[in-house]
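*Asks:* Encoded as C-alpha cells, here's the structure I'll be asking about.
Since every read-out is calculated from the coordinates, none of them should be taken as a lab result. These figures come from a predicted structure and were not determined experimentally. Ideal geometry is used to build each Cβ from the backbone, glycine not excepted, and the neighbour counts take in all protein chains shown.
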Amino acid sequence: MDEKKIPVIIDTDPGVDDALAIMIAAASEKIHLLGLTPVDGNVSAVHTHRNALDLVSFLGVDADVAEGSYDQLVCRFGRYATSTHGETGMGGVVIPQSDKQFHPLRAWDYIYEKAKEYPGELVIVAIGPLTNIARTLIMHPDIKPMIKQIVMMGGSTTRGNVSPYAEFNFYVDPPAAKMVFESGIPLVMAGLNVTLKTGISFDFISKLAQESGSRIGGMFNELVHGYSDVKINKEGDKASVVHDAIAVAYVIDPDKCETEEDRVEIQTERFLEGTWGQSKVVEGEPNCTVITDIDMDFYRDLYRRTVKYFGSLS
Ligand code: BDR
Ligand code: CA
C-alpha cells in the first residue's frame with residue numbers, strides 16, 4: 001500500500017448517495033479503500049450487498065466486500081427508503097451483475113482483522129445504519145484503541161428527515177448508534193445540519209458527464225438523476241443532496257470543513273415523543289466532532305476529480 005494513503009473501510013447501504021460517496025473515495029489519491037461492509041438500510045440487505053459487489057466490479061476497484069447485517073441490533077426495522085433510492089437502491093440505474101464473491105470473513109470480523117493490520121490508522125466511514133459497527137464492538141471490544149476514527153453520515157444537530165428530530169441512518173437502528181457514541185472511539189458526524197447545505201446542481205453533474213464521455217461518468221450522471229433527495233440550492237438550481245459524500249470529503253481534507261466539539265447522545269427510549277433515534281447535543285464532555293460547514297469549491301472539485309479519474313480508466 002502507498003504509505004501516504006489512509007486505510008479506509010466504508011460501511012454502507014448502497015443507496016445512490018452511498019454509491020457516489022464510494023466513487024469519490026475510490027478516486028481519491030488520499031484514500032486506500034480496503035473494503036465495503038454492506039448493511040440493511042436504504043433498501044433490503046439483499047440489494048445493498050448485491051449493489052456493493054456490482055459497484056466495485058463495475059468501477060474496477062480492488063476492494064473487498066464483507067457480508068454485513070441483514071437486520072438490526074435489537075428489533076427488525078423493515079422499512080426502506082425506496083422512494084428516494086428506487087426499488088433496488090440504485091435509482092433505477094442497472095449495473096451489470098458481477099461474479100465477485102464476498103470476502104470469507106463477515107463484516108465485524110473483517111473490520112477487526114483490518115484494524116489489527118492497520119492499528120491506530122484504520123478509518124471507518126460509516127454511511128448507513130450503524131448495525132455492523134455496533135456488532136463489531138460487541139464481538140471485538142478490544143478493537144476500540146485500534147481504530148483511528150469513525151466518520152459517519154448520520155444524525156443531525158438541527159432537524160431530522162424521517163421524524164422532526166431523527167435522521168434516517170440513526171432512526172433505523174438507534175441502539176447501534178448509541179453503542180457507537182458511547183464507545184470512546186474518536187467520532188466525526190456529518191449530519192443533516194451540514195449535508196442539507198451541500199446540494200450539487202444537476203447541471204454541474206450533467207456537464208461533467210458530457211465532458212468525460214466515459215461509461216462511468218455516464219453512470220454518475222444517471223445516479224444523480226435517479227435519486228430523489230433533491231432541493232433548490234442557494235444559487236436557485238435543482239440540486240442533489242449527496243449526504244454520504246460529506247463523510248468521505250472530510251476524510252480527504254478535514255481542513256476544508258468547519259467543525260465543533262459536542263457531546264451527542266442518541267435517544268433510544270422516547271418513541272412516543274418522536275425522539276427515537278435523535279442525536280441530541282447535551283451538556284458534558286465532548287464525544288464527537290460535528291461538521292457544521294464545508295468549502296463548496298473543494299467539494300465540487302471532488303466531483304470533477306472523480307469523473308476525470310474514472311474517465312481516464314474507462
Ligand atoms: C442518509 O440516509 C440514506 O437515505 C442516505 O444514504 C444517507 O446515508 C441520509 O439521511
Ligand atoms: Ca447511506
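*Asks:* For residues in region 261-290 being surrounded by 13 or more Cβ atoms within 10 Å (Cβ to Cβ) and among the acidic types (Asp, Glu), which is farthest from GLY199 (Cα to Cα)?
*Replies:* Filtering region 261-290 for residues that are surrounded by 13 or more Cβ atoms within 10 Å (Cβ to Cβ) and among the acidic types (Asp, Glu), the one farthest from GLY199 (Cα to Cα) comes out as GLU265.
*Asks:* Name the residues in region 172-214 that are crowded, with 24+ Cβ neighbours inside 10 Å and not hydrophobic (A, V, I, L, M, F, W, C), would you?
*Replies:* Result: ASP173, PRO174, GLY191, THR195.
*Asks:* Got a sec? Which of VAL56, VAL46, VAL94, VAL39 is touching a residue at least 40 places away in the same chain (Cβ under 8 Å) and out of contact with any Leu (no Cβ under 7 Å at 6 or more places or on another chain)?
*Replies:* Numbers: VAL56 fails: out of contact with any Leu (no Cβ under 7 Å at 6 or more places or on another chain); VAL46 fails: touching a residue at least 40 places away in the same chain (Cβ under 8 Å); VAL94 fails: touching a residue at least 40 places away in the same chain (Cβ under 8 Å).
It is VAL39.
*Asks:* Go through LYS100, LYS144, LYS114 for me and flag whichever is more than 14 Å from SER44 (Cα to Cα), in a loop (DSSP other than H, G, I, E, B) and among the basic types (Lys, Arg).
*Replies:* None of the others qualify; the one that does is LYS100.
*Asks:* What number of residues within region 293-311 satisfy the criterion of being within 29 Å of GLU261 (Cβ to Cβ) and surrounded by fewer than 15 Cβ atoms within 10 Å (Cβ to Cβ)?
*Replies:* 5
*Asks:* Considering only residues of region 35-48 that are surrounded by 22 or more Cβ atoms within 10 Å (Cβ to Cβ) and among the hydrophobic types (A, V, I, L, M, F, W, C), which is nearest to CYS75 (Cα to Cα)?
*Replies:* Here the answer is VAL39.
*Asks:* With respect to the numbered conditions (1) without any contact (Cβ under 8 Å) to a residue 60 or more places away in the chain; (2) touching a helix residue (DSSP H, G or I) at 6+ places or on another chain (Cβ under 8 Å); (3) part of a loop (DSSP other than H, G, I, E, B), which one is the sole condition not fulfilled by CYS75?
*Replies:* (2)
*Asks:* With the requirement that a residue be over 19 Å from the mean Cα position of the chain (by Cα) and in a strand (DSSP E or B), what does region 220-238 give you?
*Replies:* LYS231, ILE232, LYS238
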